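To start, the structure under review is shown below, and the notes come after it.
Laboratory data are not the source of any read-out in this text; all were calculated from the coordinates shown. This one's a predicted model, so the numbers in the text were calculated from it and none came from an experiment. All Cβ positions, even for glycine, are placed from backbone atoms using ideal geometry, and neighbour counts span all protein chains on display.
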Amino acid sequence: MKFILGAGAIYREDESIGFILYTADLKMKQHFHRKIKLFGITPEQWTILSRLFEEDGISQKELSEKTLKDQAALTRTLDRLEKRQLIKRKASSNDRRSFLVHLTDAGQIMRSEIGPIAEECHEMAVKGFTEEQVKVLKKLLRKTILNLS
């Protein structure tokens, strides 16, 4: 077991906020991936599709910013989604160097197929929490993100 120093005290590494957040994120992704594996979609691809459900036809740059994916990783993911005919890219009428990303009909269908599974996974993650505890957790996590931004 590894120990780290912090603010004059010694903490077990598995008690650090970073480790706990990382573990929670990893467990959520693993659980979700097991549930959606049969659809041939990864959690990363779902992140892209779910953003497009909210805002179809946005630029790759905006999609990159809103999903916190770097441009190269996003391009690879979009290539895979396009190959599966779940999205299509169209040149922007304002800037030919820019592409707008649109869901196809097949991509839209994923919402009804995987959306409930995503919701179930979120419910599983907060099982046993009160509504107020969920609100506090979200508030604290958003504060952590803001602190690190």
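Cross-link pairs exceeding 32 Å between alpha carbons, from the set LYS29/LYS139; LYS29/LYS83; LYS69/LYS138; LYS35/LYS69; LYS83/LYS139: LYS83/LYS139.
Here the extension length gained between ILE17 and GLU62 equals 13.2 nm, from 0.36 nm per residue of separation less the Cα-Cα distance.
Each of GLU54, GLU120 has some number of other Cβ atoms within 10 Å of its Cβ, and from fewest to most they run GLU54, GLU120. A full extension of the chain between GLU131 and ASN94 corresponds to an added length of 8.9 nm, given 0.36 nm per residue minus the alpha carbon distance. Between segment 109-149 and segment 47-85, the alpha-carbon centres lie 21 Å apart. Label positions at ILE117 and SER50, each projected 7 Å from the Cα along the C-beta direction, are separated by 1.3 nm.
For segment 17-149, a crude dipole built from +1 on the beta carbon of Lys and Arg and -1 on the beta carbon of Asp and Glu, taken about the Cα centre, is about 360 debye to the nearest 20. By the beta-carbon count within 10 Å of each Cβ, the least crowded to most crowded order of ILE20, ILE87, fewest first, is ILE20, ILE87. Over segment 24-127, Cα pairs under 8 Å with separation of 6+ residues give a relative contact order of 29 percent. The convex hull drawn around the Cα atoms of segment 3-148, when projected onto a plane and averaged over every direction, covers 11.5 nm².
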